[in-house]
């Protein structure tokens with residue numbers, strides 16, 4: 001799972017309501033692992049492909 005911060009690309013896009021502190025992202029990561037997720041990347045600049053190459057060949061079927 002990836003958890004990241006929305007960043008407003010231009011003034012024509014939705015505004016950022018608040019910036020999430022990195023400590024909160026660390027908590028989200030721990031919650032993900034406690035729920036049984038195998039891979040959790042969580043941080044303000046994390047995107048859906050963030051470090052995906054590390055998890056691509058984990059040796060387990062995806063489904």
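Which of the residues spanning the stretch 22-37 are exposed (fewer than 11 other Cβ atoms within 10 Å of the Cβ) and assigned to a loop (DSSP other than H, G, I, E, B)?
Correct list: 35, 36.
Give me the pairs: first residue in the stretch 11-38 and at pLDDT below 95, second residue surrounded by 13 or more Cβ atoms within 10 Å (Cβ to Cβ), beta-carbon distance under 6 Å, and six or more apart or on different chains, which are they?
37/1
Taking the stated definitions as given, is residue 47 at pLDDT below 95 and part of a loop (DSSP other than H, G, I, E, B)?
Criteria met by residue 47.
The values are calculated or read from the model by the stated rules, or taken from the named source; none is laboratory data. These numbers were taken from a predicted model, which means no experiment stands behind them. Don't worry about glycine lacking a Cβ; one is built from the backbone with ideal geometry, like all the others, and counts go over all protein chains shown.
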